[in-house]
Amino acid sequence: MTKLAVLCSGRGSDLQSIIDAINSGELQAEISVVITDKPNVQALTRAENAGIKNICINRKLFDNRADFETEILKNLVGVDLVVLAGFMRILSPDFVKKFSGRLMNIHPSLLPAFPGAHAHRDVLNYGVKISGCTVHFVDEGTDSGPIILQAAVKVLDDDTEETLSARILEQEHVIYPRAIKLFVEGRLKIVGRHVKILED
Ligand code: GRF
């Protein structure tokens with residue numbers, strides 16, 4: 001069984017979509033551990049409720065990123081795929097290299113448009129008519145790795161960050177479990193910047 005580690009920072013609704021896909025039998029994988037960089041966040045409760053091992057590795061208690069990441073790495077032994085689900089920290093190039101091709105992220109825009117921490121705000125300020133979400137492998141840049149799946153969502157004239165993010169989140173909850181399933185089935189082949197999805 002493919003072993004996943006899911007790293008989160010807050011609410012954990014993307015984590016929940018993965019838990020639900022596993023519980024429904026749609027995704028044949030197990031979550032070995034959920035790790036958060038903040039204490040008392042909903043993602044920890046969601047993991048606990050699902051009977052999944054969960055650990056807070058509080059970034060604030062570490063003097064530097066290297067020590068913080070060493071602690072994370074201790075908990076990733078035997079993990080096949082590391083899934084970033086609303087994890088609001090940039091991982092070091094060393095960390096990314098260790099998990100090259102085995103580290104995924106979801107970002108709430110149609111990359112390469114609107115990378116960074118304020119995608120919805122940036123989308124609304126720019127005035128684009130379509131946004132969406134992107135699942136990608138993580139490389140050493142920010143939100144720049146090879147794209148696995150995307151879903152498009154219309155931006156409405158009266159959208160706020162809250163309404164837009166809610167509609168995009170619905171799509172995130174569809175494409176993230178789907179992308180992980182493709183990985184689990186060995187159907188993702190990275191060729192340079194491209195991710196080929198192999199036939200069933
Ligand atoms: C999602 O919008 C995801 O795209 C972004 O952070 C948000 C996490 O939401 N990276 P949640 O914590 O999974 O509910």
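The values are calculated or read from the model by the stated rules, or taken from the named source; none is laboratory data. Remember, predicted model here, so these are calculated numbers, not experimental data. Cβ: placed from backbone, ideal geometry, glycine included. Neighbour counts: every protein chain shown. Keep in mind that these areas ignore ligands, DNA and RNA; they rest on the heavy atoms of the full protein, side chains included. Shrake-Rupley method; radii C 1.70, N 1.55, O 1.52, S 1.80 Å.
Tabulated data
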{"quantity": "Qualifying residues in the stretch 50-97 (those that are assigned to a loop (DSSP other than H, G, I, E, B), open to solvent by less than 60 Å² (accessible area, probe 1.4 Å) and of a type in the set (Val, Ile, Thr)) - the one farthest from the ligand (Cβ to nearest atom)", "calculated": "VAL79"}
{"quantity": "Pair list, Cβ < 6 Å and 6+ apart or interchain, from the stretch 75-93 residues that are within 18 Å of SER17 (Cβ to Cβ) to residues that are away from the ligand (no atom under 12 Å from the Cβ) and open to solvent by 40 Å² or more (accessible area, probe 1.4 Å)", "calculated": "LEU81/ARG102; LEU81/PHE183"}
{"quantity": "Lone qualifier among LEU182, LEU198, LEU156 - being at pLDDT 95 or above and open to solvent by less than 60 Å² (accessible area, probe 1.4 Å)", "calculated": "LEU182"}
{"quantity": "Filtered residue count, the stretch 25-49, keeping only those that are within 15 Å of LEU81 (Cβ to Cβ) and away from the ligand (no atom under 15 Å from the Cβ)", "calculated": "6"}
{"quantity": "Among (1) under 17 Å from the mean Cα position of the chain (by Cα); (2) modelled with pLDDT of 95 or more, the one test that LEU124 misses", "calculated": "(1)"}
{"quantity": "Candidate set from the stretch 3-24 (those that are out of contact with any strand residue (DSSP E or B) (no Cβ under 9 Å at 6 or more places or on another chain) and more than 7 Å from the ligand (Cβ to nearest atom)); member that is least open to solvent (accessible area, probe 1.4 Å)", "calculated": "SER17"}
{"quantity": "Residue match in the stretch 135-149 (condition: of a type in the set (Ser, Thr, Tyr) and open to solvent by less than 50 Å² (accessible area, probe 1.4 Å))", "calculated": "yes"}
{"quantity": "Any hit, the stretch 183-190, residues being among the charged types (D, E, K, R), touching a residue at least 12 places away in the same chain (Cβ under 8 Å) and either outside any loop (DSSP other than H, G, I, E, B) or farther than 15 Å from MET104 by Cβ (or both)", "calculated": "no"}
{"quantity": "Among (1) part of a helix (DSSP H, G or I); (2) touching a residue at least 60 places away in the same chain (Cβ under 8 Å), the one test that LEU164 misses", "calculated": "(2)"}
{"quantity": "Residue in the stretch 102-119 that is outside any loop (DSSP other than H, G, I, E, B), open to solvent by 50 Å² or more (accessible area, probe 1.4 Å) and more than 15 Å from the ligand (Cβ to nearest atom) present", "calculated": "no"}
